[in-house]
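Here, each number is a calculation from the coordinates, and none is a lab measurement. Every value quoted in this text rests on a predicted model; they were computed, and no experiment measured them. Every residue, glycine as well, gets a Cβ built from its backbone with ideal geometry; the counts of neighbours run over all protein chains shown.
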Amino acid sequence: MLVLALDTSTSTVTAGVVDLPESGAPVVRAQRVSAGARKHGELLMPHVLEACAEAGVALRDVDAIVTGTGPGPFTGLRVGMVTAAALGDALGTPVHGVCSHDAIAREACATRLSGNMVVVTDARRREVYWAGYDAEGYRITGPHVEAPAVLVERLAGFPSVAAAGEQAAVTGLPVIGPATPGPAGLVAVAADVLRAGTDPGPLRPLYLRRPDAVEPGARKRVSA
Amino acid sequence: MTSGLVLGIETSCDETGVGIVRVDADGTTTLLANEISSSVEEHARFGGVVPEVASRAHLQAMVPAVHRAMTTAGITARDVDAVAVTAGPGLSGALLVGVAAAKAYAAAWDVPLYGVNHLAAHVAVDTLQNGPLPPALALLVSGGHSSLLSVPDLAGPVTPLGATIDDAAGEAFDKVARLLGLPFPGGPHIDRVARDGDPSAVAFPRGLTGPRDAPFDFSFSGLKTAVARHVEALERAGTPVPVADVAASFQEAVVDVLTAKAVRAAREHGMDVLCLGGGVAANSRLRALAQDRCDAAGLVLRVPRPVLCTDNGAMVAALGAHLLARDAAPSPLALPADSSLPVTEVLVG
Ligand SMILES: [Zn+2]
């Protein structure tokens, strides 16, 4: 099964063409990854087409699309999600959303760890998004959005042997795995539903924060 | 000329719009669908559009709106010959959703992508109702823009003659509505209550109309403050605020300046046609006064029906149709969303 995998939930823009065999791990045929990107909207679609070209496939050959649903800074996150949704609609291809942290954890736990781990990414505003996983990369807690110091306190109640993700260093734990979600991890998280041919549910972004907006208070007077 | 079907996507503010327009070999454009999903009710309690709320709503509404538009038009994916999208100006996070979606549809269907200017699209929409547009002077007024544009040709360069130096006209309507205890968005409510009011009850100032002021720029901030002072003075005196009179007098001050400057600009630039667009162009008093003044000046007034004046996808598809008809070079798939796209850039290359 040929799967297009996208993620724009972090500062990295990722697009990959992945083969999902009937059993075993996904195999990345081609990928385009831009780290430290600010222009998610400009980079993503060219990345998709370049990855397809390198893999020698056309968009219409894709059997399914997998996209990271965050958590992540909202503006960038939406680029990947709406791209996946529109591509799926235009091609008549199912679109599966997966938690972006799960994709990082699944790659980080490719070989079983000796204990739990956490994934930590940048939430800006001096906070991080984080989620906790078991030794095989299955989520136990989160995702949450909190200050790094609060996360460190929480680790007392969630003893972990390692951390992954672009902000993993804030935990003080050994850093493992990819800093951002990769095509193999994204497809691995969705592998069971992809193979079963399960209809994907609606795509729901993991914002974790309400929009910044305040209801207006009493009117300010203009006259003295 | 190339004929075909264009799907247009608009997400520059709080409306998720998808329109479908057919352009025939003779250049005639026909509207086939105009689906709008608005998040305006989610913004009402904040008294203005909240960008993040709008962006979230666009993400949810985008694909369903495309579906509905295609169903309404009775077409399938194979029938679409180009995808057009508002590339700017507008709210950056909101624009980004539409631009990303448009790229995906264009790439998946393997058709040209046109990233177009929102203001030029407001002018182009008129052709759907009133046919080919001769060289025209356009007055675009909404919650986001107040501009006078010289438009010799829809697909060609547009020359900005003037714009607001502070608040947009629609913004002034929203703020004054709030002063008068009327709901958001203010435009339709002011229009409604002003019908029972006396437009000459209060002599509110006409901004930037002095002999040394920029002839085609607008300013509504001073007017808004004058209304606030007037209301506060009445409140201090314990006098009930005559809402209808204040609304009518405020509205008159806005549309007086808008129409006077538009007619003058048309004359000075040798244009025989004045075209109105934007949400405020749905205002009944603006339409009436513009008609009177155009008649007096010997100008032809063209105003699209209200649903085409407010932000929508049909206007983007209409501009895209004119570009397709002339085989314009498509935008690249690296097309950026540009929140401050200059109006001189009709098509982002
Ligand atoms: Zn507009």
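Structure above, values below:
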| quantity | calculated |
| --- | --- |
| Largest-first ellipsoid semi-axes for the range B:251-328, taking √(5λ) over the Cα gyration tensor eigenvalues, angstrom | 25, 17, 9 |
| Most to least packed among B:5-11, B:331-337 [average Cβ atoms within 10 Å] | B:5-11, B:331-337 |
| Residue order, fewest to most beta carbons within 10 Å, for A:133, A:207, A:138 | A:138, A:207, A:133 |
| Inter-part distance where the range A:105-130 and the range B:130-165 are each reduced to a Cα centre, Å | 52 |
| Reciprocal of mean inverse Cα separation for the range B:215-349 (Kirkwood radius, Å) | 18.1 |
| Kirkwood hydrodynamic radius of the range B:1-133, Cα pairs, Å | 15.0 |
| Neighbourhood charge, 15 Å Cβ-Cβ cut-off, centred on residue A:196 and excluding it, Lys, Arg +1 and Asp, Glu -1 | -3 |
| Peptide A:198-210, shielding by other chains (average Cβ, 10 Å cutoff) | 1 |
| Simple spin-label estimate for residue B:67 and residue A:169 in nanometres, 7 Å along Cα-Cβ | 4.5 |
| Size descriptor, Kirkwood hydrodynamic radius, that averages inverse alpha-carbon separations across the range B:136-306, Å | 16.2 |
| Distance-filtered residues of the range B:104-121 - backbone nitrogen under 11 Å, label point 7 angstrom along residue B:77 Cα→Cβ | B:105-110 |
| Theoretical gain in end-to-end length, residue A:63 to residue A:22 [0.36 nm per residue, Cα-Cα removed] | 13.4 nm |
| Sorted by Cβ density within 10 Å, fewest first, the residues A:203, B:323 | A:203, B:323 |
| Shielding by other protein chains, A:33-43, mean Cβ within 10 Å | 3 |
| Positive dipole terminus of the protein assembly as shown, leading residue within B:278, B:47, B:100 (C-beta point charges) | B:47 |
| P(r) histogram, all alpha-carbon pairs of the range B:103-151 included - 10 Å bins from 0, percent | 22, 39, 26, 13 |
| Count of Lys pairs (Cα-Cα under 25 Å; at least 8 positions apart or interchain) in the protein assembly as shown | 6 |
| Check: the range A:102-171 dipole with +1 on Lys, Arg Cβ and -1 on Asp, Glu Cβ, in debye | 80 |
| Sorted by Cβ neighbour density within 10 Å, fewest at the top, the residues B:142, A:100, B:12, B:39 | B:39, B:142, B:12, A:100 |
| Sequence-separation-based contact order of chain B, relative, with Cα cut under 8 Å and 6+ spacing, percent | 27 |
| Distance in nm between pseudo-label sites at residue A:124 and residue B:284 (7 Å out along the Cβ direction from Cα) | 4.4 |
| D_trans [Stokes-Einstein, Kirkwood Rh over alpha-carbon pairs] for chain A, 4 °C, 1.567 mPa s, µm² s⁻¹ | 72 |
| Convex hull of Cα atoms in the range A:102-171, direction-averaged projection (nm²) | 3.9 |
| Chain B: projected area of the alpha-carbon convex hull, averaged over directions, in nm² | 16.9 |
| Phi-based couplings in Hz for the range B:94-108 (Karplus 6.51, -1.76, 1.60; Gly and Pro marked x) | 6, 4, 4, 5, x, 5, 5, 5, 4, 4, 5, 5, 4, 5, 5 |
| Length released on extending from residue B:307 to residue B:292, taking residue separation times 0.36 nm less the Cα-Cα span | 3.1 nm |
| Backbone HN-Hα couplings from phi across the range B:278-286 [Karplus 6.51/-1.76/1.60, Hz, Gly and Pro as x] | x, x, 5, 5, 7, 5, 5, 5, 4 |
